[in-house]
1. Heavy atoms of the protein only, probe of 1.4 Å, neighbouring chains included. What is the accessible area of Lys62 in Å², nearest 10?
2. Stick to the Cα atoms of the chain, pair each with every other, and give me the Kirkwood hydrodynamic radius in Å at one decimal.
3. State in Å² the accessible area per residue of the chain; use a 1.4 Å probe, count heavy atoms of protein chains only, and round to the nearest integer.
4. Determine the gain in length on full extension of the stretch Met98-Gln1; use 0.36 nm per residue of separation and subtract their C-alpha separation, reporting nm with one decimal.
5. I'd like to know which of Pro60, Gln108, Ala95 lies farthest towards the positive end of the charge dipole of the chain, counting +1 on Cβ of Lys and Arg and -1 on Cβ of Asp and Glu.
6. With each label point set 7 Å from Cα along the Cα-Cβ vector, what nm distance links Asp54 and Thr17?
7. How large, in percent, is the carbon and sulfur part of the accessible surface of the chain at a probe radius of 1.4 Å?
8. Say each of Ser113 and Tyr27 gets a label point 7 Å from the Cα, pointing the same way as Cα to Cβ; how far apart are those two points in nm?
Amino acid sequence: QLQASGGGLAQAGGSLTLSCEPSGSLYMYSLMSWYRQAPGKERELVADITTGGDTNYADPVKGRFTISRDNAKNMVYLQMNDLKPEDTALYYCAADGMTSTTWGQGTQVTVSS
């Protein structure tokens with residue numbers, strides 16, 4: 001299981017930090033990801049990070065969002081800066097294990113203009 005938190009309401013230009021905590025060790029998962037789904041749209045990848053710390057970002061969030069992991073705390077974070085109304089969505093944490101992907105419950109991010 002994954003526990004995601006940190007969503008909320010922000011103004012355009014503001015910041016939020018999302019957190020994701022897996023029930024098992026982070027080292028069980030080769031890839032940790034954040035996805036989002038806006039109303040009426042398909043779920044899309046926002047960012048991901050490998051066990052080794054390599055990161056990947058979707059073009060709309062490059063330069064504004066930062067994904068990171070703290071192995072000691074067994075946590076993955078998504079720092080979101082310079083938020084835009086189009087970032088409004090339900091954000092999901094996902095973990096790729098050996099044979100399957102585990103999804104957390106979503107956390108809502110709403111950005112007002």
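1. Solvent-accessible area, nearest 10 Å²: 120 Å².
2. On the way: mean 1/r = 0.0721 Å⁻¹.
Taking the inverse mean of 1/r over all distinct Cα pairs, the chain comes out at 13.9 Å.
3. Numbers: 5870 Å² over 113 residues.
Dividing the accessible area of the chain by its residue count gives 52 Å².
4. Numbers: separation 97, 0.36 × 97 = 34.92 nm, distance 1.48 nm.
Full extension from Met98 to Gln1 adds 33.4 nm.
5. Gln108
6. Label at Asp54, label at Thr17, 2.7 nm between them.
7. Working: 2820 of 5870 Å².
After summing per-atom areas, the C and S share lands at 48 percent.
8. Between Ser113 and Tyr27, the label points sit 4.9 nm apart.
The values are calculated or read from the model by the stated rules, or taken from the named source; none is laboratory data. Model, not experiment: these values are computed from the prediction. For neighbour counting, all protein chains shown are included, and Cβ atoms are generated from backbone atoms with ideal geometry for every residue, glycine included. Side chains included, ligands, DNA and RNA excluded: accessible areas come from the protein's heavy atoms. Shrake-Rupley method; radii C 1.70, N 1.55, O 1.52, S 1.80 Å.
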